[in-house]
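Written below as structure tokens is the structure these notes are about.
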Amino acid sequence: QLPHSPLCSLFQIDNKGNHLLVHEESSINVPAIAAAHVIKRYIAQAADELSFEVGDIVSVIDMPPKELTSWWRGKHGFQV
């Protein structure tokens, strides 16, 4: 999962602003709806989080509204 950030807020979900609903356990085969270019290193703090380095590209597969959660679901390599 990815924490919301000002940078991530700039990305569109799709060209019509639609959200993609994804089940709790996401498969690596779920299509991405956005991509995030990592500008700050992050080390996973829990088993359901991703670690990434500056320069990595993370595929965003779910962007729930901020009032529901502060996390997005993403793919990095073969991890969701």
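Take A36 and tell me if it is open to solvent by less than 40 Å² (accessible area, probe 1.4 Å) and either outside any loop (DSSP other than H, G, I, E, B) or not hydrophobic (A, V, I, L, M, F, W, C) (or both). Yes; evaluated as a whole, the condition is true for this residue. In the set (1) surrounded by 17 or more Cβ atoms within 10 Å (Cβ to Cβ); (2) modelled with pLDDT of 85 or more, the condition left unmet by P64 is number (1).
The values are calculated or read from the model by the stated rules, or taken from the named source; none is laboratory data. This structure is a prediction, so every number in the text was calculated from the model and none was measured. We place every Cβ from the backbone using ideal geometry, glycine too, and count neighbours over all the protein chains shown. In case anyone asks, the SASA skips ligands and DNA or RNA and just uses the protein heavy atoms, side chains included. Shrake-Rupley method; radii C 1.70, N 1.55, O 1.52, S 1.80 Å.
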